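A.B. asks: To start, I am sharing the structure in question, which I have written as structure tokens.
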Amino acid sequence: MKKIGILFGMENTFPQAFIDRVNSKGEKDIIAEAVTIEKVVQADPTEYAVIIDRISQDVPFYRAYLKNAALCGTAVINNPFWWSADEKFFNNALAEKIGVPVPKTVLIPSKERPTDTSETSFRNLKFPLAWEEMFQYIGFPAYMKPHDGGGWKSVYQVNDPHDMWRKHEETGQLIMMLQEEIQFEDYFRCYCIGQKDVLIMPYEPRNPHHLRYASEIKAKGEEAEKLLATIKEYTLKLNIALGYDFNTVEFAVRDGIPIAIDFCNPAPDADIYSVGNDNFEWVVEAAANMAIDRAKSHKSGQTNLTWGTFIKDSVGVSLQAPEIAPKATEVVAAKTVKPKKETVAKTETTETPAPVAAVKEKAPAPIAFEEIPKRKAAPEKVEAKETAPAKPAVKVTTKKAVTPKAVTAETPKKASSKTTKKK
Ligand SMILES: Nc1ncnc2c1ncn2[C@@H]1O[C@H](COP(=O)(O)OP(=O)(O)O)[C@@H](O)[C@H]1O
Ligand SMILES: [Mg+2]
């Protein structure tokens, strides 16, 4: 018997529908259930061949549990190691390298110093940073958002440098990105499951939350066909490079070119009350089929994770470079350096103590934000948290509008006739 588990938090509709869909398919020796954790012991395998992770971004305990599970053979979706390593700024850079258009983006140091750091932790930053050059490159209006975030938290539209500084005041220890604003004629959110099934959903981010999927594609005819084909190609390209099996990619379309805005959503919103009935049905079906495939291909005694081509190619390159590796016989042990008594640090610190000469110089202030006078007016966030309170099904008046508009670039395998009859 192979078990598929789902690990989830506050969401109410997707997890049970997923479990029911897997079980309704009547696959021999495969069942799905909610994951149960009673204790977590190092190197102890779990009872699951596959776990769909919908919540470890908010519960670090689960992330650690999942890494241990993955080490012991569970196919954890999405790969918890990659998810931990990944963030949006890196993703944008990777997209550029693989030829997927993204908005021009720069990285900004946090407003507040990270806990337990001091001015001296920032000596490698040149003061002031090249703000003018960055502003020239990005232009205004722009977006400022966390380099590692989600759920529309701390996402700001900024109109000029002063506006940016004021809003930056609110961002604490978050590392922010300043990003070119894409003024778009069309906007899409695309589900990508198992790095092969793509659902392209027209999406209007300027609508209230419950109406965002009640949108229609504006491009027409051949232009629309070409656009959707390109979006599908880019969605697959990104997920294959990153190694996600369950993700959404957002595109803003400017002058007919889809530009990837947000593609680091490894636990994307799948709630029936936000995505609508038909999109929900597609996601449940595609996720169930993907989980079953992964359970079938699961092999005991090895890891069963998906890795993106970025990692696979990196590992391949280093393995293929034996000529630069030192010969085994030439390993020379480094001489032990006896520290002089007076230079031994008395207190333990996570930072390497700086050379005495360097310490004597005045350390440059890390960032220029302090120079900008604070203003009284509280900046408005572009949007509140993405997660809206779930609404009862009967009150959803947009079901019909949402239903026909998703464009299934590739239809997941159909539910078995048994399932269809049941519904
Ligand atoms: N560069 C941009 N140009 C235009 N709109 C943007 C840009 N960046 C973000 N947005 C808007 O802000 C929303 C939230 O930003 P996003 O990057 O998706 O963050 P999150 O991961 O928190 O959802 C997007 O859905 C989009 O509507
Ligand atoms: Mg988003």
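A.B. asks: Does residue 218 satisfy the criteria of being modelled with pLDDT of 95 or more, in contact with a strand residue (DSSP E or B) (Cβ under 6 Å, 6 or more places away or on another chain) and surrounded by fewer than 17 Cβ atoms within 10 Å (Cβ to Cβ)? Spell out the reasoning first.
C.D. replies: Numbers: modelled with pLDDT of 95 or more: yes; in contact with a strand residue (DSSP E or B) (Cβ under 6 Å, 6 or more places away or on another chain): yes; surrounded by fewer than 17 Cβ atoms within 10 Å (Cβ to Cβ): yes.
In short, yes.
A.B. asks: Also, quick follow-up: Scan the stretch 269-281 and give yes if some residue there is farther than 30 Å from residue 146 by Cβ, of a type in the set (D, E, K, R), part of a helix (DSSP H, G or I) and away from ligand 2 (no atom under 16 Å from the Cβ), otherwise no. Before the answer, list the steps.
C.D. replies: Narrowing the stretch 269-281 to residues farther than 30 Å from residue 146 by Cβ: 277-278, 281.
When the remaining residues are screened for being of a type in the set (D, E, K, R), the result is 278, 281.
Checking the rest, the ones that are also part of a helix (DSSP H, G or I) come to 278, 281.
If we keep only those that are away from ligand 2 (no atom under 16 Å from the Cβ) too, we end up with 278, 281.
Within the stretch 269-281 (the criterion being farther than 30 Å from residue 146 by Cβ, of a type in the set (D, E, K, R), part of a helix (DSSP H, G or I) and away from ligand 2 (no atom under 16 Å from the Cβ)), the answer is yes, since at least one residue qualifies.
A.B. asks: Just one of (1) surrounded by 23 or more Cβ atoms within 10 Å (Cβ to Cβ); (2) small (Gly, Ala, Ser); (3) in a helix (DSSP H, G or I) trips up residue 5, so point out which.
C.D. replies: (3)
A.B. asks: Now for a different question. Applying the selection to the stretch 108-142, what residues are aromatic (Phe, Trp, Tyr), modelled with pLDDT of 95 or more and in a loop (DSSP other than H, G, I, E, B)?
C.D. replies: Selection gives 140 alone.
A.B. asks: Moving to a separate point now. Taking the condition in a helix (DSSP H, G or I) and β-branched (Val, Ile, Thr), does residue 76 pass?
C.D. replies: no
A.B. asks: Next up: One residue is enough: does the stretch 64-71 have a residue meeting the conditions assigned to a loop (DSSP other than H, G, I, E, B) and either at pLDDT 95 or above or more than 16 Å from ligand 2 (Cβ to nearest atom) (or both)?
C.D. replies: No: the stretch 64-71 contains no residue that is assigned to a loop (DSSP other than H, G, I, E, B) and either at pLDDT 95 or above or more than 16 Å from ligand 2 (Cβ to nearest atom) (or both).
A.B. asks: I would also like to ask the following. Identify all residues within the stretch 142-180 that are loosely packed, with under 14 Cβ neighbours inside 10 Å and touching an Asp or Glu at 6+ places or on another chain (Cβ under 9 Å); write none if there are none.
C.D. replies: Those that are loosely packed, with under 14 Cβ neighbours inside 10 Å and touching an Asp or Glu at 6+ places or on another chain (Cβ under 9 Å): 172, 173.
A.B. asks: Related question: Being away from ligand 1 (no atom under 15 Å from the Cβ) and β-branched (Val, Ile, Thr) is the filter; apply it to the stretch 103-159 and report the residue that is farthest from residue 90 (Cα to Cα).
C.D. replies: 120
A.B. asks: On to the next question. Filter the stretch 233-254 down to residues that are within 15 Å of ligand 2 (Cβ to nearest atom), within 19 Å of residue 187 (Cβ to Cβ) and not in a strand (DSSP E or B), then give me how many there are.
C.D. replies: Result for the stretch 233-254: 2.
A.B. asks: Next question, about the same structure. Please report, ordered by residue number, the strands (runs of 3 or more DSSP E) entirely within the stretch 143-218 with at least 2 residues that are under 30 Å from residue 307 (Cβ atoms) and within 16 Å of ligand 2 (Cβ to nearest atom).
C.D. replies: Because the criterion is at least 2 residues that are under 30 Å from residue 307 (Cβ atoms) and within 16 Å of ligand 2 (Cβ to nearest atom), the strands (runs of 3 or more DSSP E) in the stretch 143-218 that meet it are 176-180, 186-193, 197-202.
A.B. asks: List the residue pairs whose Cβ atoms are under 7 Å apart, where the first residue sits in the stretch 131-147 and is within 19 Å of residue 252 (Cβ to Cβ), the second is β-branched (Val, Ile, Thr) and within 16 Å of ligand 2 (Cβ to nearest atom), and the two are 6 or more positions apart or on different chains.
C.D. replies: 143/155; 145/155
A.B. asks: Can you say whether residue 279 is closer than 24 Å to residue 16 by Cα, within 14 Å of ligand 1 (Cβ to nearest atom) and crowded, with 22+ Cβ neighbours inside 10 Å, as far as the supplied structure shows?
C.D. replies: On the way: closer than 24 Å to residue 16 by Cα: yes; within 14 Å of ligand 1 (Cβ to nearest atom): no; crowded, with 22+ Cβ neighbours inside 10 Å: yes.
The answer is no for residue 279.
A.B. asks: Sort out which residues of the stretch 176-215 are away from ligand 1 (no atom under 11 Å from the Cβ), in contact with a strand residue (DSSP E or B) (Cβ under 7 Å, 6 or more places away or on another chain) and modelled with pLDDT of 95 or more, and write them in order of number.
C.D. replies: Hits for the stretch 176-215 are 176, 185, 186, 190, 191, 192, 193, 198, 199, 200, 201, 202.
A.B. asks: Within the stretch 56-84, work out how many residues are in contact (Cβ under 8 Å) with a residue 40 or more places away in the chain and either over 19 Å from residue 3 (Cα atoms) or not β-branched (Val, Ile, Thr) (or both).
C.D. replies: Result for the stretch 56-84: 15.
A.B. asks: Return the residue satisfying two criteria in turn: it lies in the stretch 240-262 and is closer than 13 Å to residue 196 by Cα and within 16 Å of ligand 1 (Cβ to nearest atom), and of such residues it is surrounded by the fewest Cβ atoms within 10 Å (Cβ to Cβ).
C.D. replies: Looking at the filtered set, the residue picked out is 247.
A.B. asks: Any residue in the stretch 7-20 that is under 19 Å from residue 80 (Cβ atoms) sitting within a Cβ distance under 6 Å of a residue that is β-branched (Val, Ile, Thr)? List the pairs, counting only those 6 or more apart or interchain.
C.D. replies: If the second residue must be β-branched (Val, Ile, Thr), the pairs left are 7/35; 7/51; 7/55; 8/55; 9/55; 15/6; 18/6; 18/284.
A.B. asks: Exactly one of these conditions fails for residue 131: (1) within 16 Å of ligand 2 (Cβ to nearest atom); (2) buried (at least 16 other Cβ atoms within 10 Å of the Cβ). Give me its number.
C.D. replies: (1)
A.B. asks: Okay, next question. Test residue 297 against the stated conditions and say whether it is closer than 28 Å to residue 67 by Cα, among the hydroxyl-bearing types (Ser, Thr, Tyr) and modelled with pLDDT of 95 or more.
C.D. replies: yes
The values are calculated or read from the model by the stated rules, or taken from the named source; none is laboratory data. Only a predicted model underlies this, so the values are computations on that prediction, with no experimental measurement involved. Cβ coordinates were reconstructed from backbone atoms using ideal geometry, including for glycine residues, and neighbour counts include every protein chain displayed.
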